Amino acid sequence: MLTAPVLANDNIIPVSKETKDIATHLRDKAIDDDSAYEILKSLTTEVGARHPGTPGEKAGIEWAINKLKALGFDKVYTEDVNMNGWLRGVETAEILLPSYQKLIITALGRSKSTPEGGLEADIVHFKTYADLEKALDGSLKGKIAFISNRMQQLKDGGGYGPANIARSKGHELAAQKGAEALLIRSIGTDDHRNPHTGATNVAMGYTAVPAVALSNPDADQLVRLMDYGHSPKIRLNIQTKDLGPIVTKNVIGEITGRELPNEVVVIGGHLDSWDLGTGAVDDGAGVAIAMATGAFIKNNAKLRPRRTIRVILWGAEELGLIGARAYAKARQEDGTIANHVIGSESDFGAGPIYGLQSSNNVSPNAIHVVDTMAGLMGKLGVSRRSGDTSGGPDMIPLAALGVPALNLMQDGTDYFDLHHTPDDTFDKVNPEHMRQNLAVWTVFTFIAAEWPGSFK
Ligand SMILES: [Zn+2]
């Protein structure tokens, strides 16, 4: 009798009791299942870093194909993605004056090289990107511009965007001001001597000037030196390589739907990683969670879901969502974008999920389904959250084409301690959190693939 008002709207299709029962059974079984953790262990140990254009990336693609097959996916295939490659080489920096000290640095993505042997220059300090904007054009001739802004540590990662402009666009601004190079405080929240690399807003070729991140303690050291009234002189040697055109791949595995095989629920993560660590939290965890979810549902649901579950392991996310853009463009061109029912990517580490958010393009007639998912996830510590979402970085191109998206919000408090550093390794991942992720993803994916209504 409580369902009467719901049934009064012909457009609202309820989630059946059977669907809820199966999702509940899967949830309670997945919470004891270590398959996501084991997949991540294999990827980060047997492959390691997966930067485009390296043997590690090729090994990662082979690993993914073989693992999806071994997990029992019905279809496993790859799609070529064209891009321009870039490799890190020598990277050293020292303070020469007022006293000799080594600095811990790393080149940002697509940084150009310094002259061979390095360059020597005084540094000029700017607290923020906005402060560097105020400098006169051409005024930093013969200097290195140093931006010291520190990103804020927040559970939802909200400090990343505002701080990140120094990394993405600082090189162009530094060049405009006449500087020889750009030095930034790492976009990261740890206090270890690990620099954080990351993309710049350059699609091919090189940054406008050599662009480098300092570890947080090294950035603090430079700021203190200047507080004492010194003007530090630095030697910076960066040697990098533009690989020109290369081919990477999106790797895709499917659990074929029993009734509507052409309709797909997209889940995934990005297979590439930065080269400094082994890509455990960024984004081996997401890869492992998505692969484990598809396999877990196939092997444990008493009913094969109505729609196809498509696990996409996107390539070259770190250099600008390159695999994700290629995937979406191809579906727009061949018209199959219309078959994408809903999607979500796991790309915010391996922390526990605490919230479920739906994008504004989820139909009002499907909101109750998301509420039902959140209700079943409540036992796992997840609650329904408001706000719009793209459903993860690699979902952005699909969401822009109207594909509804959900965000399974992870606690990312320590994510930016590890992100893009040598410390992004398997030992940082908690197996209990991986089990919780698997259970939450299983509830979402099963219901999305089984509920017969439209999310659009
Ligand atoms: Zn990532």
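The values are calculated or read from the model by the stated rules, or taken from the named source; none is laboratory data. Note that the coordinates shown come from a computational prediction; the quantities given were computed from them, not determined experimentally. A quick note on method: Cβ atoms are made from the backbone with ideal geometry, for glycine too, and the neighbour counts reach across all protein chains shown.
Can you spot a residue in segment 366-374 that is surrounded by fewer than 18 Cβ atoms within 10 Å (Cβ to Cβ) and without any contact (Cβ under 8 Å) to a residue 60 or more places away in the chain?
Yes - at least one qualifying residue is present in segment 366-374.
Please list, ordered by residue number, the helices (runs of 4 or more DSSP H) wholly in segment 346-424 having 1 or more residues that are modelled with pLDDT of 95 or more and of a type in the set (D, E, K, R).
Helices (runs of 4 or more DSSP H) meeting the threshold: 367-377, 415-418.
Please state which one of Gly60, Gly53 is crowded, with 20+ Cβ neighbours inside 10 Å, outside the structural domain of Val209 (by TED's automatic domain parsing) and on the phi > 0 side of the Ramachandran plot. Full working, then the answer.
Numbers: Gly60 fails: on the phi > 0 side of the Ramachandran plot.
The match here is Gly53.
Given the condition within 16 Å of the ligand (Cβ to nearest atom), touching a Phe, Trp or Tyr at 6+ places or on another chain (Cβ under 6 Å) and farther than 30 Å from Thr207 by Cα, answer yes or no: does some residue in segment 297-314 qualify?
Checked against the condition, which is being within 16 Å of the ligand (Cβ to nearest atom), touching a Phe, Trp or Tyr at 6+ places or on another chain (Cβ under 6 Å) and farther than 30 Å from Thr207 by Cα, segment 297-314 yields no hits at all.
Table: residues versus (1) closer than 20 Å to His230 by Cα; (2) touching a Leu at 6+ places or on another chain (Cβ under 7 Å).
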position: Val81; (1), (2): no, no
position: Trp86; (1), (2): no, yes
position: Ala93; (1), (2): yes, yes
position: Thr114; (1), (2): no, yes
position: Glu120; (1), (2): yes, yes
position: Ile123; (1), (2): yes, yes
position: Phe126; (1), (2): yes, yes
position: Lys134; (1), (2): no, no
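Which residue pairs have Cβ atoms under 7 Å apart, sit 6 or more places apart or on different chains, and have a first residue in segment 273-286 that is within 12 Å of Asp427 (Cα to Cα) and a second that is among the acidic types (Asp, Glu) and away from the ligand (no atom under 11 Å from the Cβ)?
Taking only residues 6 or more apart or on different chains, the pairs are Gly277/Asp423.
Return a yes/no flag: does segment 105-124 have any residue that is within 33 Å of the chain's Cα centre (by Cα), of a type in the set (Val, Ile, Thr) and more than 15 Å from Ala211 (Cβ to Cβ).
Yes, some residue in segment 105-124 is within 33 Å of the chain's Cα centre (by Cα), of a type in the set (Val, Ile, Thr) and more than 15 Å from Ala211 (Cβ to Cβ).
Six or more apart or on different chains, Cβ under 7 Å: which pairs go from a residue in segment 152-179 that's assigned by TED's automatic domain parsing to the domain that holds Arg110 and under 30 Å from Gly351 (Cα atoms) to one that's part of a helix (DSSP H, G or I) and of a type in the set (Phe, Trp, Tyr)? Could you list them?
Within 7 Å, the pairs are Gln153/Phe416; Gly157/Tyr415; Gly157/Phe416; Tyr160/Phe416; Ile165/Tyr129; Ala166/Tyr129.
Taking the options Val281, Val266, name whichever one is assigned by TED's automatic domain parsing to the domain that holds Pro431, more than 16 Å from the ligand (Cβ to nearest atom) and buried (at least 24 other Cβ atoms within 10 Å of the Cβ).
Values: Val281 fails: more than 16 Å from the ligand (Cβ to nearest atom).
After applying the criteria, what remains is Val266.
Restricting the first residue to segment 220-238 and requiring it to be exposed (fewer than 15 other Cβ atoms within 10 Å of the Cβ), which pairs with a second residue that is of a type in the set (Asp, Glu) meet a Cβ separation below 9 Å and a spacing of at least six or different chains?
Every condition considered, the pairs that remain are Ser231/Asp122.
Name the residues in segment 1-41 that are modelled with pLDDT under 95, part of a loop (DSSP other than H, G, I, E, B) and not charged (D, E, K, R), would you? I'd like the intermediate steps shown before the answer.
Applying the first criterion (modelled with pLDDT under 95) to segment 1-41 yields 1-12.
Add one more test, that the residue is part of a loop (DSSP other than H, G, I, E, B), and what stays is 1-3, 8-12.
Residues satisfying the conditions are Met1, Leu2, Thr3, Ala8, Asn9, Asn11, Ile12.
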